[in-house]
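Every read-out reported here was derived from the displayed coordinates using simple, explicitly stated rules and does not represent laboratory data. Treat the numbers as computed from the prediction; the structure is a model and nothing was measured. Don't worry about glycine lacking a Cβ; one is built from the backbone with ideal geometry, like all the others, and counts go over all protein chains shown.
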Amino acid sequence: MDHAGSAGAGAGRHLLNAEAPGRLDACIAAAVPGLSRARVQRLIEGGHVLLNGEVARKSARVEAGDRIELTLPETGHDAAEPGFDLPVLYEDDALAVIDKPAGLAVHGAPGDTAPSVAGWWLARLGPAATAFDAEHPGIVHRLDKETSGVLLLAKTPAAQAALSRAFELRRVHKCYLAMVEGQPRPPHAVVEAPIHRDPRDRTRMAVTARGRPSRTEYRVVAGDGGRSLLEVFPETGRTHQIRVHLASIGHPVVGDPVYGRAGEGRRHLLHAWRLELPHPTGGTLRASAPPPADLLEAIRAIAGEAVASRYAAPPAVTCERGQPS
């Protein structure tokens with residue numbers, strides 16, 4: 001396909017001439033470096049693609065000689081600094097580890113201009129951001145908006161692919177801290193229940209027979225009868241998995257307005273405490289971040305200062321280099 005326009009997937013107008021029949025989205029993705037097919041489909045849906053002068057349909061096909069006009073809107077690649085900073089626990093040529101605060105979305109919804117980790121990361125990468133799809137710039141995994149803790153960000157597409165693969169192969173070991181209602185019995189168990197979007201409420205997830213296999217291990221650390229502190233080890237990575245699984249056994253996360261009870265002035269008390277995984281260039285990366293003040297206060301209330309101090313230890317990241325995985 002002939003391509004007239006700026007190199008790569010930078011913002012602006014791209015004029016393309018189809019050389020052979022095929023799907024419109026596939027032709028564009030093949031012609032413009034850095035554009036994933038998923039992003040092309042979103043651009044088509046948003047009216048940013050003209051086929052022979054008319055707004056294209058997502059299912060459109062092209063014939064040899066068809067003229068395609070693609071307009072890439074200004075995105076986070078060219079955004080100004082977002083006006084805030086995030087704590088970087090570790091950084092090298094392949095990735096960064098940050099401590100995400102509660103209340104900040106990893107990736108905003110389409111059209112959402114609120115601050116996000118993705119927007120901050122694009123601004124921080126500067127010109128290097130053009131190597132990424134603007135929709136998912138180095139995002140390897142996600143934390144819910146109100147969940148705090150350790151989050152990985154890739155600095156190159158190759159690192160993003162390698163890290164994503166590690167998650168897919170379940171080579172990433174995660175430990176969360178969760179304050180839950182009640183006292184789970186037994187104190188150490190695995191919740192294995194399929195998760196799918198709730199058919200009665202599309203904003204929620206639910207345990208349902210038609211869901212994807214999902215597995216979460218938990219261990220009770222301390223409790224006072226009314227609440228318990230858990231260490232939680234999700235083996236799969238479904239949306240809202242920990243919150244859904246704990247609610248399904250009758251012990252929702254404290255302060256969870258979706259799957260439990262909303263607390264006054266509180267967020268749900270869930271924190272990504274520890275992460276261990278193979279580094280893209282070899283060896284093992286281990287990272288941990290202390291829980292924020294609200295969760296530490298809740299831990300002290302039911303478990304005492306000694307337990308709270310153990311989790312309040314300063315952030316720690318080690319990277320033991322070896323041979324590439």
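Structural remarks
- Value at 222 nm in deg cm²/dmol, rounded to 500, when DSSP H runs of n ≥ 4 in the chain each add -39,500 (n - 2.57): -5500 deg cm²/dmol
- Debye-sum result for the chain in log10 I(q)/I(0), which assumes one identical scatterer on each alpha carbon, at q = 0.08, 0.11, 0.14, 0.15 Å⁻¹: -0.45, -0.79, -1.14, -1.24
- Along its first, second and third principal axes, ordered by size, the stretch 171-325 spans 48, 42, 30 Å in Cα coordinates.
- Full extension of the chain between Arg170 and Thr203 yields a length gain of 9.2 nm, computed as 0.36 nm times the residue separation minus the alpha carbon distance.
- Paired Rg and Dmax values of the stretch 253-301, which use every Cα atom, in angstrom: 15.2, 46
- Among the lysines of the chain, pairs that are 8 or more positions apart or on different chains and have alpha carbons within less than 28 Å of each other number 6.
- Tensor-based shape of the stretch 160-201 (alpha-carbon gyration tensor, a/c under 1.5 rounded, otherwise prolate or oblate): oblate
- Among beta bridges that DSSP assigns inside the chain, antiparallel share in %, nearest 5: 95 percent
- Sorted fewest first by neighbouring Cβ atoms within 10 angstrom, Val253, Val191 come out as Val191, Val253.
- GNM top mover of His251, His107, His240 - the chain, alpha-carbon springs below 10 Å: His240
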